[in-house]
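Before any comments, here is the structure.
The values are calculated or read from the model by the stated rules, or taken from the named source; none is laboratory data. Because the structure is a prediction, the values reported are computed rather than measured. Using ideal geometry, Cβ is built from the backbone for each residue, glycine included, and neighbour counts are taken over all protein chains shown. For accessibility, only protein heavy atoms count, side chains too; no ligands or nucleic acids. Shrake-Rupley method; radii C 1.70, N 1.55, O 1.52, S 1.80 Å.
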Amino acid sequence: MPGALLGITVLQVALLACIAIIDLKRRTIHSGVLLALAGLSLFSALANNHPVLPSALVGALFAGGAFGLAYQGGRLFGRQIDAPPETIVFGKGDVWLGTVCGLAVGFPGALAVVLLAMLFGGLSAGVYVAVFSWTGRGYQPFTALPYGQNIALATLAVMISPIHFFAIGHS
C-alpha cells in the first residue's frame, strides 16, 4: 500500500473511531466528522485511478439505499407496534454513515459492510439484552441502541480485507 494511501486509510480509521465513540456516548452521528470522512473518501477515490470513482459511487448508492430501506422499515415497524412517537428504530445519521462508508470502500465492499453491520448489530443487541438480564435490570422495550459503531466496525473490517483492495483497484 503506497504511503499516501496508507495515510488516508489511517485518517479514515481515526474518523470511524471518532464517529463510533460519539454515537456510543451521545446516540448521534456527528455531521462534521461524517463530512470529513466523506471528503477524505471522495478525495481518495479521485486521487486514485479512473476505475475507483465509479466503484466508490456505486458503493455509496448501494449502502445508502440499503440503510435507507432499514430506516424506512424501522419507521414502519414502529408504527405497526404502536411505539411511542419519539422512538427511533434506525436513525437518519446511520443512513448517512452507511452511505459515506459505501463511498469509502466501493462496491462490492459496500455489500460486505451492509451484511457485517447487520451481523454486528444483532450481536451487540444480544450482548445488551444479556448484560441487562444478567445484572437484574432486564430489557427495556424501545431502548435506543446506537448503531454507528456497528457500521464503523463493519467498514473497518472491509477496509483491511482483500475485498476492499479488489473492489477499488488498489495494488
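Before moving on, here are some points about what is shown:
- Globularity ratio of the chain, using Cα Rg and 2.2 N^0.38 Å: 1.08
- Simple rule: put +1 on each Lys or Arg Cβ and -1 on each Asp or Glu Cβ in the chain, find the dipole, and look at 22, 157, 61; the Cα lying farthest toward the positive end is 22.
- Solvent-accessible surface of the chain, averaged per residue with a 1.4 angstrom probe and all protein chains in place: 55 square angstrom.
- Check: the chain dipole with +1 on Lys, Arg Cβ and -1 on Asp, Glu Cβ, in debye: 220 debye
- Residue 92 contributes about 130 Å² of solvent-accessible surface, heavy atoms of the protein only, 1.4 Å probe.
- Base-10 log of normalised Debye intensity for the range 75-171 (one unit scatterer per alpha-carbon) at q = 0.13, 0.20 Å⁻¹: -0.55, -0.97
- Semi-axis lengths (Å, descending) of the ellipsoid that matches the C-alpha gyration tensor of the range 14-85: 30, 19, 7
- Folded to 0 to 90 degrees: helix 148-159 orientation relative to the chain principal axis, Cα: 30 degrees
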